[in-house]
Amino acid sequence: MKKATGAKVMALGEDAAALSAGTDKSPLGDEGWEPVKVDRVPQGRRHRHIGRDTLRAIWTPGHTPGCTTWTTTVQEKGRPYSIVFQACGGPMLE
């Protein structure tokens, strides 16, 4: 994804190390990939601002040791809605 789009990669904990090494650290541990440089490993407060929106990263190990769930609040017709991007459901582009 990074090579195709130029997107920056952000990962927590052991997932950052796994991406950099091209090594699967999930319970299956049977997949590998071309190593990719991780551009950001969040520390402390894990908030990311994208435009006017703020995404909050929550460490939710399970599928992988650094699995991350993202939450945010959006407005539609003046009503706020809490949104959750479930852990390990797909890549998060910056």
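The values are calculated or read from the model by the stated rules, or taken from the named source; none is laboratory data. Everything numeric here is computed off the predicted structure, so don't read it as measured data. Every residue, glycine among them, receives a Cβ derived from its backbone with ideal geometry; neighbour counts consider all protein chains shown.
Looking at this structure, is residue 42 assigned to a loop (DSSP other than H, G, I, E, B) and over 14 Å from the mean Cα position of the chain (by Cα)? For residue 42, the condition - assigned to a loop (DSSP other than H, G, I, E, B) and over 14 Å from the mean Cα position of the chain (by Cα) - is not met. Among the residues making up segment 47-80, those that are among the hydroxyl-bearing types (Ser, Thr, Tyr) and either assigned to a loop (DSSP other than H, G, I, E, B) or in contact with an Asp or Glu (Cβ under 9 Å, 6 or more places away or on another chain) (or both) are 60, 64, 68, 72, 73.
Total residues in segment 45-55 satisfying the condition of being under 12 Å from the mean Cα position of the chain (by Cα) and either surrounded by 15 or more Cβ atoms within 10 Å (Cβ to Cβ) or aliphatic (A, V, I, L, M) (or both): the figure is 3.
Within the option set 21, 17, 11, being aliphatic (A, V, I, L, M), touching a Ser or Thr at 6+ places or on another chain (Cβ under 9 Å), without any contact (Cβ under 8 Å) to a residue 60 or more places away in the chain and farther than 27 Å from residue 83 by Cβ holds for one residue only, 17.
Filtering segment 2-37 to residues that are in a loop (DSSP other than H, G, I, E, B), of a type outside the set (Lys, Arg), touching a strand residue (DSSP E or B) at 6+ places or on another chain (Cβ under 7 Å) and closer than 20 Å to residue 70 by Cα leaves only 12. When residue 6 is tested against (1) at pLDDT below 85; (2) surrounded by fewer than 15 Cβ atoms within 10 Å (Cβ to Cβ), only condition (1) is not met. Of all residues in segment 81-94, those that are at pLDDT below 80 and within 18 Å of residue 42 (Cβ to Cβ) total 6. Residues in segment 25-41 that are loosely packed, with under 10 Cβ neighbours inside 10 Å and in contact with a Gly (Cβ under 9 Å, 6 or more places away or on another chain): 34 alone. Does residue 78 fit the bill of being small (Gly, Ala, Ser) and modelled with pLDDT of 75 or more? For residue 78, the condition - small (Gly, Ala, Ser) and modelled with pLDDT of 75 or more - is met. Only residues that are buried (at least 16 other Cβ atoms within 10 Å of the Cβ) and closer than 25 Å to residue 24 by Cα were counted across segment 61-75, and they come to 7.
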